[in-house]
Amino acid sequence: MNGIGLFGGTFNPLHNGHLKVAEDIKAGFKMEKIYFIPSAIPPHKGTDDLADTKDRFQMIKAAMPPGNRFMASDVEIHRQGPSYTIDTVRHFKNKLPISTPCYLIVGMDAFLEIDTWKSFQKLFDLIPFIVMTRPAQDTKQAEDPAADLEKYIHVHVDPEYEFLQHKSRFVHPAKQPVYLCHVTPVDISSTRIRTFVRQGASIKGLVPDTVEKYIHKKGLYL
Ligand code: ATP
């Protein structure tokens, strides 16, 4: 399988969990490239502790490994108004060759709120999802992610989705598949990074060095 991954989020800030799970997905799905797409105005998160969009974007850019397997995308930054995933997916679908498979990458916690996203049903027509597991300490995730996901999809998305256990994916006669991907558990969240910074605790090893330096230089999250 070959293709492009779209990895959206607030990235407030980008942390090593984001990078590790993206490496896992890229390897597992043999992707060419993953775009990290910070939302300018996240419709589903508070803005109290939200760093400036430009800072969040710069931190991603500075943390991208050499080569172009990971790229920071400013597509949501240049759009007016709230950053809706449906608009971003349409943007990439229009831009990429029709033969290039495109996947939407989301953490389990984010996916389990997808019924609150704008035009979420349309997303299931347009693009396959890759749902990443996430350690339970940081999220509402329970012990059996496949069972949780199945329940949620049947209630909130479409009861015709069927789980193929041996393929770890949900399939539907007309809609796009939803892949459940067991990534390396990395118990890091941006919330924790912001809390540590505010408390004066070290964030070394939790974020790339470039991000750590940027946060301290700009005095973010104090
Ligand atoms: P916050 O703590 O501010 O809510 P976050 O750490 O969840 O932030 P986001 O920028 O909201 O970071 O995450 C973007 C996407 O990456 C989401 O889909 C989220 O579920 C996923 N994600 C973030 N951290 C991890 C992790 N450690 N493991 C797996 N998925 C993650």
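The values are calculated or read from the model by the stated rules, or taken from the named source; none is laboratory data. Every value quoted in this text rests on a predicted model; they were computed, and no experiment measured them. Ideal geometry is used to build each Cβ from the backbone, glycine not excepted, and the neighbour counts take in all protein chains shown. Just so you know, the surface numbers come from the protein's heavy atoms only, side chains and all, with ligands and any DNA or RNA stripped out. Shrake-Rupley method; radii C 1.70, N 1.55, O 1.52, S 1.80 Å.
Strands (runs of 3 or more DSSP E) fully within region 69-166 that include at least 2 residues being touching a residue at least 24 places away in the same chain (Cβ under 8 Å): 70-72, 102-107, 129-132.
On the given criteria, is Ile25 in contact with a strand residue (DSSP E or B) (Cβ under 7 Å, 6 or more places away or on another chain), assigned to a helix (DSSP H, G or I) and buried (at least 16 other Cβ atoms within 10 Å of the Cβ)? The answer is yes for Ile25. Candidates in region 170-211 are the residues that are β-branched (Val, Ile, Thr) and either part of a strand (DSSP E or B) or farther than 23 Å from Met108 by Cβ (or both); of these, the one that is farthest from the ligand (Cβ to nearest atom) is Val171.
When Arg56, Arg79, Arg69 are screened for being within 13 Å of the ligand (Cβ to nearest atom) and charged (D, E, K, R), only Arg56 passes. Can you tell me which of (1) more than 24 Å from Gly5 (Cα to Cα); (2) open to solvent by 70 Å² or more (accessible area, probe 1.4 Å); (3) in contact (Cβ under 8 Å) with a residue 40 or more places away in the chain is the one Ile193 doesn't meet? The single condition Ile193 does not satisfy is (2).
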